[in-house]
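Here's the structure we're looking at; comments come further down.
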Number of protein chains: 2
Amino acid sequence: MITIGIDLGGMSAKAACLAAGALTEKARVVTSKEKTPEETAKDLAALAREAAARGGIAFDEIDAVGVGSPGVIDGGVVVQWSNFGWKDVKLAALLSEILKKPTFVLNDANAAALGEAKYGAGVKYDDCALVTIGTGVGSGIVLGGKLFTGYRGAGTELGHTVIRAGGLPCPCGRRGCFEQYASATALIRRTRESMEQDRASRLWEIAKTTNDVDGTTAFRAASMGDAAARETLDGYLEDLAEGIADLVNLMRPQAVILGGGISAEGEALLDPLRKKVNEKLYIPAERVPFQIVAATLGNDAGIYGAAHYASECVK
Amino acid sequence: MITIGIDLGGMSAKAACLAAGALTEKARVVTSKEKTPEETAKDLAALAREAAARGGIAFDEIDAVGVGSPGVIDGGVVVQWSNFGWKDVKLAALLSEILKKPTFVLNDANAAALGEAKYGAGVKYDDCALVTIGTGVGSGIVLGGKLFTGYRGAGTELGHTVIRAGGLPCPCGRRGCFEQYASATALIRRTRESMEQDRASRLWEIAKTTNDVDGTTAFRAASMGDAAARETLDGYLEDLAEGIADLVNLMRPQAVILGGGISAEGEALLDPLRKKVNEKLYIPAERVPFQIVAATLGNDAGIYGAAHYASECVK
């Protein structure tokens, strides 16, 4: 079985072949919301052909194509992708018509979760969840080795469960969503607030202005022993732990995989986070094993997952 | 297939046969934490035989026995039932040794969910969740027609996901658990607080003292137009909606079934609750259908579910 995985994003789409459990050389194309869905489908079809060529694989040998797309996906249809203004775009049908190959579409966060579960940090676990810390908080869940999406793909929005009802407003319309406290955006906001409150903090050595703050600033200052940075991180990790513990108390996967740039912090992130989450578990890890690990596939997780999904769907 | 379902509780155990999709006449026995697990198993075995006799079914005709038990259950073992001080009690083995029948044990909230899903309010849905409002908030989830329990039975504790991190202390050790805001206990607490704040409220006509308050008090006063009662209910339902919306945003079942005494309030409960939950959904019910319905099996749900579980396990 050889499939192509496409990771469709708002700026670009990337693709590669998945053959014998490994990705071939990637191909890339710029994407734009100015293009129609039909034009984008054409670009993605050309991208798939280029991925096969770069992988040294005749396109005839490709068994299926998988696309990880932003938005709500249901049965090959992009029901809604707000950034691109897409509504009920039959992306699988558009692509398969051009490529003459079975084509399957899944949500991009779900594709990344499936990729990590099958080829990355989750290979040891039948049940695991990927929680991706970025601009928002994305999540994807694999149960019994299969992607779990909820009814008609409308589930696994961990970022939009509340940890502080009535708290910070969220673009989704609720107040107090996990995403507002645990995203990289939230860590940056917290770091800036700490800097403004403590002009003597060594945070100011890492970031010259509050505009220079990124998701690593607090970690770097904390490793230098800065009290304000440590307090910032502690509050952030406490909230991150609340949402992860909620996911675990409700669904009890064997492992949660942390993705996004923050996962590069390694044990400085994972060690305190594990302790905080375990304190909040209804059944702690000493009684029923539970792991928190860092994602290992980086930006390739979505390509792996999309290609794997296509292979599962076609077999 | 004829199975026996046993609903084990801290005060009593009830049992009946499930034959041709219906329960036969129930049998009942008193339970006590003063008894050893072995003594309790003997009582449950006698109860099972009595249930067969009351059902007019020869015990030889019974294919399997299912027990819904409080606590954390893993593979026929009651890993922990705090009220009875049970730890690692091999209940399935104890019972099957006496009865010489295949015996299976599942958590009582899960049994009730499976019962409602298969014989009650959830028969139309492949994916549904039972949320039981009582002293605490219990939950059980059925996915693809099968009970979902999380890894080693350690999941589906919706009552112990937070909606207000750092809020009210919960016996589980966390602060701000959903259960502290949405249980019947919480509604009673809120009703009493409203009475104390408003001596003129008609709540005082329903309950002569705050000790007379129960889960129906606020509903009855609200139906008389009392403003304090309406405000109490509104706040309570808002919090109940937060936890239900969290479950739905994460797992997106097709329906949530509300159980517990409160479900008898019917549309006075369901209509405002549906509106509040829908406002909090990441994908609203207009886009992907979602229902909130009242449980229909009452106290029999656990017997149905335990008997059904046994039939699934043995077939």
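The values are calculated or read from the model by the stated rules, or taken from the named source; none is laboratory data. These numbers were taken from a predicted model, which means no experiment stands behind them. Note that each Cβ is placed from the backbone with ideal geometry, even for glycine, and that neighbours are counted across all protein chains shown. Side chains are part of the model used for accessible areas, which takes the heavy atoms of the whole protein and leaves out ligands, DNA and RNA. Shrake-Rupley method; radii C 1.70, N 1.55, O 1.52, S 1.80 Å.
Quick grid of which residues meet (1) in a helix (DSSP H, G or I); (2) facing chain B (nearest Cβ under 8 Å):
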site: A:A129; (1), (2): no, no
site: A:T135; (1), (2): no, no
site: A:V142; (1), (2): no, no
site: A:R152; (1), (2): yes, yes
site: A:G167; (1), (2): no, no
site: A:G173; (1), (2): no, yes
site: A:L187; (1), (2): yes, no
site: A:R190; (1), (2): yes, no
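With respect to being closer than 22 Å to B:H160 by Cα and either open to solvent by less than 50 Å² (accessible area, probe 1.4 Å) or among the basic types (K, R) (or both), B:S69 fits the description.
Please work out if A:A218 is open to solvent by less than 20 Å² (accessible area, probe 1.4 Å), more than 26 Å from the chain's Cα centre (by Cα) and more than 25 Å from A:L281 (Cα to Cα). No; evaluated as a whole, the condition is false for this residue. Among the residues of the stretch A:19-26, is any among the polar types (S, T, N, Q) and modelled with pLDDT under 95? No, every residue in the stretch A:19-26 fails to be among the polar types (S, T, N, Q) and modelled with pLDDT under 95.
Could you say whether any residue in the stretch B:154-174 is acidic (D, E) and either under 15 Å from B:I244 (Cβ atoms) or touching a residue at least 60 places away in the same chain (Cβ under 8 Å) (or both)? Yes, the conditions are met somewhere in the stretch B:154-174. Just one of the numbered conditions (1) open to solvent by 70 Å² or more (accessible area, probe 1.4 Å); (2) free of Cβ contacts under 8 Å to residues at least 24 places away in the same chain is not true of A:T36: (1).
Among residues of the stretch B:119-128 being in contact with an Asp or Glu (Cβ under 9 Å, 6 or more places away or on another chain) and touching a residue at least 60 places away in the same chain (Cβ under 8 Å), the one that is nearest to B:G140 (Cα to Cα) is B:C128. Out of the residues in the stretch B:277-315 meeting the condition of being charged (D, E, K, R), over 19 Å from B:A117 (Cβ atoms) and not in a loop (DSSP other than H, G, I, E, B), tell me which one is nearest to the chain's Cα centre (by Cα). Out of the qualifying residues, it is B:K280. Taking the stretch B:202-276 and the helices (runs of 4 or more DSSP H) fully enclosed by it, the elements with 1 or more residues that are within 14 Å of chain A (Cβ to nearest Cβ), in contact with a strand residue (DSSP E or B) (Cβ under 9 Å, 6 or more places away or on another chain) and in contact (Cβ under 8 Å) with a residue 12 or more places away in the chain are at B:227-251. Going by the conditions given, is A:T161 open to solvent by less than 10 Å² (accessible area, probe 1.4 Å), within 14 Å of chain B (Cβ to nearest Cβ), at positive phi and not aromatic (F, W, Y)? No; evaluated as a whole, the condition is false for this residue.
Filtering A:D226, A:D234, A:D214 for residues that are within 27 Å of A:A13 (Cα to Cα), charged (D, E, K, R) and out of contact with any Phe, Trp or Tyr (no Cβ under 8 Å at 6 or more places or on another chain) leaves a single hit, A:D214.
Listed here are the residues, each with its yes/no results for (1) over 21 Å from B:E61 (Cβ atoms); (2) more than 13 Å from chain A (Cβ to nearest Cβ).
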| site | (1), (2) |
| --- | --- |
| B:D74 | yes, no |
| B:S82 | yes, no |
| B:K90 | yes, yes |
| B:K100 | no, yes |
| B:L106 | yes, yes |
| B:N110 | yes, no |
| B:G120 | yes, yes |
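Here is the figure for the stretch B:60-83: residues that are farther than 17 Å from B:K14 by Cα and not in a loop (DSSP other than H, G, I, E, B) total 12. Of all residues in the stretch A:283-315, exactly one satisfies the criterion of being touching a Ser or Thr at 6+ places or on another chain (Cβ under 9 Å) and aromatic (F, W, Y), namely A:Y309. Restricting the stretch A:16-33 to residues that are in contact with a Ser or Thr (Cβ under 9 Å, 6 or more places away or on another chain) and part of a strand (DSSP E or B), the residue that is most open to solvent (accessible area, probe 1.4 Å) is A:R28. Reported count of residues in the stretch A:39-52, each being open to solvent by less than 70 Å² (accessible area, probe 1.4 Å) and over 16 Å from A:M11 (Cα atoms), is 6.
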